[in-house]
Amino acid sequence: AAHQPDEQPDVGSSGELTARMSATPVDHPVRPQGNAELLRRSAMRDPEAVAFVFGDRTWTYGALWQAVCDEAAELSSGSVGPGDRVAVLGRNSDRYVIAWLATQLLGAIHVPINFMLSVREVAYIVGHCGARLVLADTALLQTLRDGVAQANLTCEVRELTLPAPGRQASSPHAPQLT
């Protein structure tokens, strides 16, 4: 059966997501695109190759793909789905890269916010883009919360963290990948 935009499919666990991604048919309605697709292909081709190093953490393509799938499951459990805006206030980090790729995997829209902006500027961007969820580095979380409160915005605010491995997705907004 073809996926309809208003259907609310379930992604299952991140391990199931990874398994289903490797078997995605060509005509699949929700297929990773752009960088998420390049990562998926690299993880399938050479999962033990180093994708990048950040600080003391070395990410292989396989581990990075799994972390992106886990983060996608986490985001989808918070009602993030295709077309939703996910704003991210953070410095360059592996956490940021994972959130960015997970957003792409879900078909959501990544909205980067410069960490040097004022509370007022952050609030303007979050409100103007209509973010459903805003992620922020620990050091920037209070700036984000202050901006959201001052502007009376109703988006969810979360700390930008590394995803918990193997998170079970329970949201109907996760893409169906079978």
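A few points about this structure:
- Where strands (runs of 3 or more DSSP E) fall wholly inside the stretch 46-90, the ranges with 1 or more residues that are touching a Lys or Arg at 6+ places or on another chain (Cβ under 8 Å) are 85-89.
- Residue that is modelled with the highest pLDDT, among those in the stretch 152-178 that are exposed (fewer than 15 other Cβ atoms within 10 Å of the Cβ) and of a type in the set (Gly, Ala, Ser): Ala164
- Residues of the stretch 102-142 that turn out to be in contact (Cβ under 8 Å) with a residue 40 or more places away in the chain, open to solvent by 10 Å² or more (accessible area, probe 1.4 Å), closer than 23 Å to Leu64 by Cβ and outside any loop (DSSP other than H, G, I, E, B), as a count: 1
The values are calculated or read from the model by the stated rules, or taken from the named source; none is laboratory data. Quick caveat: nothing in here was measured; it's all calculated off a predicted structure. Cβ: placed from backbone, ideal geometry, glycine included. Neighbour counts: every protein chain shown. These accessible areas exclude ligands, DNA and RNA; they are computed on the full protein's heavy atoms, side chains included. Shrake-Rupley method; radii C 1.70, N 1.55, O 1.52, S 1.80 Å.
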